[in-house]
Amino acid sequence: MNKAPIGVFDSGYGGLTVLKEIVNRLPQYDYLYLGDNARAPYGPRSFDTVYNYTLECVQWFFKQGCPLVILACNTASAKALRTIQQNDLATIDATKRVLGVIRPTTEIIGTLTKTKSVGVLGTAGTVQSGSYPIEINKFYPDIKVYQHACPMWVPLIENNEYSGDGADYFVKKDIDQLMQQSIAIDTILLGCTHYPLLQQKIKQFIPEGVALLSQGKIVADSLADYLQRHPEIATTCSKGEDIAFYTTDSAEDFDNHAAVFYGKAVKSQHLIL
Ligand code: DGL
């Protein structure tokens, strides 16, 4: 049988927090996950580097038969998605689709904030790109967006320190620096797919009444809606409930780390791009 799975991409493990919610919401499809662990983190890298890495991975997904690829990485969505959609797809294969994680979140954020003041936490790359303020203001011009980069959070998570005492210092410091920008912030968006692992800690340090928003469920709902509105894409995605995992680094390392992101054990294969 020729499979046409939905591709889900991240620089490493973070996209697994999104894949988990997508599979919960749409269990009937086949999925192919790729973590570019060998070249992670993407957060501190330049536009050109993130774009080149992401495009290379997207082309791999297409070669595997994926009609649709989700960039389950904010950094890749911020720095590569637009160019891939607007320039590359037409020359690679105009029937294919690539979607990101920023737009689904920005579409609904205006329905959640009462003070019209939103905080966004992300990697340095996502924050520097300005993608969140730009996209949120397209839908909600009256919302003020305050951003803060948390460069220590991904290393803390990837080194299994996300629940230890050492994480408290950086989580508190970064939350304080975000909240110092405006006391009106009533909604904080976790604009990095790694950050849900720090959710319990973050909740300890945010002021009472401030809501914390992570992307997994939002992206899953948005994908379900997209597939309903685009039957020409939905019908090309195969339905076999199969999920395959690939990593550009060690498969053994990936399997050891992946379970905390995905919620259950995974068995991955090593990919040489
Ligand atoms: N998970 C990626 C994101 O959502 C960040 C990880 C990295 O820096 O590679 O932005």
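The overall shape of the stretch 9-114, judged from the alpha-carbon gyration tensor, is rounded, with an a/c ratio under 1.5.
Applying 1/(1 + (r/R0)^6) with R0 = 41 Å to the Cβ-Cβ distance of S250 and K138 gives a FRET efficiency near 0.50. Each Lys or Arg adds one and each Asp or Glu takes one away; over the other residues whose Cβ falls under 9 Å from the Cβ of G240, this sums to -1. The convex hull of the Cα atoms of the stretch 30-70, projected and averaged over all directions, covers 3.1 nm². The charge dipole of the stretch 118-236, taken about its Cα centre with unit charges on the Cβ atoms of Lys, Arg (+1), Asp and Glu (-1) only, comes to about 100 debye. Counting other Cβ atoms within 10 Å, keep those with at most 12, restrict to DSSP loop, and tell me which trypsin sites (Lys or Arg not before Pro) in the stretch 98-194 are left. Hits after loop and neighbour filter: K114. Overall, the ratio between the Cα radius of gyration of the stretch 166-268 and 2.2 N^0.38 Å, rounded to two decimals, is 1.42.
Specify whether the C-alpha gyration tensor of the stretch 159-199 places it in the rounded, prolate or oblate class, a ≥ b ≥ c being the square roots of the eigenvalues: rounded for a/c under 1.5, otherwise prolate if a/b is larger than b/c and oblate if not. Verdict is oblate for the stretch 159-199.
Please give me the summed charge of the neighbours of F170: other residues whose Cβ is under 14 Å from its Cβ, Lys and Arg +1, Asp and Glu -1. Neighbour charge sum, excluding F170 itself: -3. For a distance above 16 Å, tell me the whole-number percent of Cα pairs in the stretch 58-99 that qualify. In whole percent, the share of Cα-Cα pairs in the stretch 58-99 beyond 16 Å is 26. Assuming charge only on the beta carbon of Lys and Arg (+1) and of Asp and Glu (-1), the dipole of the stretch 32-160 about its Cα centre is about 260 debye to the nearest 20. Based on every Cα atom in the stretch 87-232, Rg and the maximum pairwise Cα distance Dmax equal 16.5, 50 Å. With the convex hull drawn over the C-alpha atoms of the chain, the volume per residue is 119 Å³.
Classified by the C-alpha gyration tensor, the stretch 109-158 has a prolate form. Its axis ratio a/c, with a ≥ b ≥ c, is 1.5 or above, and a/b is larger than b/c. The C-alpha atoms of the chain define a longest principal axis, and helix 47-63 lies at about 40 degrees to it. Taking every alpha-carbon pair under 8 Å whose residues sit at least 6 apart, the stretch 1-144 reaches a relative contact order of 25 percent. All Cα-Cα distances of the stretch 97-182, cut into 10 Å bins from zero to the largest, leave 16, 42, 32, 11, 0 percent in each bin in turn.
Bridgeable aspartates and glutamates around K114 (alpha carbons under 12 Å apart, same-chain partners fewer than 8 residues away excluded): D142, D186.
For the chain, a crude dipole built from +1 on the beta carbon of Lys and Arg and -1 on the beta carbon of Asp and Glu, taken about the Cα centre, is about 560 debye to the nearest 20. In percent, rounded to a whole number, the relative contact order of the chain is 28, using alpha-carbon pairs under 8 Å and six or more apart. Other residues lying with their Cβ under 12 Å from the Cβ of S222 contribute a combined charge of 0, Lys and Arg counting +1, Asp and Glu -1. Our Cα-only numbers for the stretch 75-121 put the radius of gyration and Dmax at 14.4, 44 Å. FRET efficiency for the A184 to T95 pair, using the beta carbon distance and R₀ = 30 Å, is estimated at 0.10.
A Förster radius of 41 Å combined with the Cβ-Cβ distance from E232 to K114 puts the calculated FRET efficiency at roughly 0.60.
Listed by chain and number, the lysines whose alpha-carbon sits under 28 Å from that of K239, ignoring those within fewer than 8 places in the same chain, are K3, K20, K63, K96, K217, K264, K267.
Coordinate-derived values only; no laboratory data. All of these numbers come straight from a predicted model, not from anything done at the bench. No Cβ is skipped: glycine too gets one built from the backbone with ideal geometry, and neighbour counts run over all protein chains shown.
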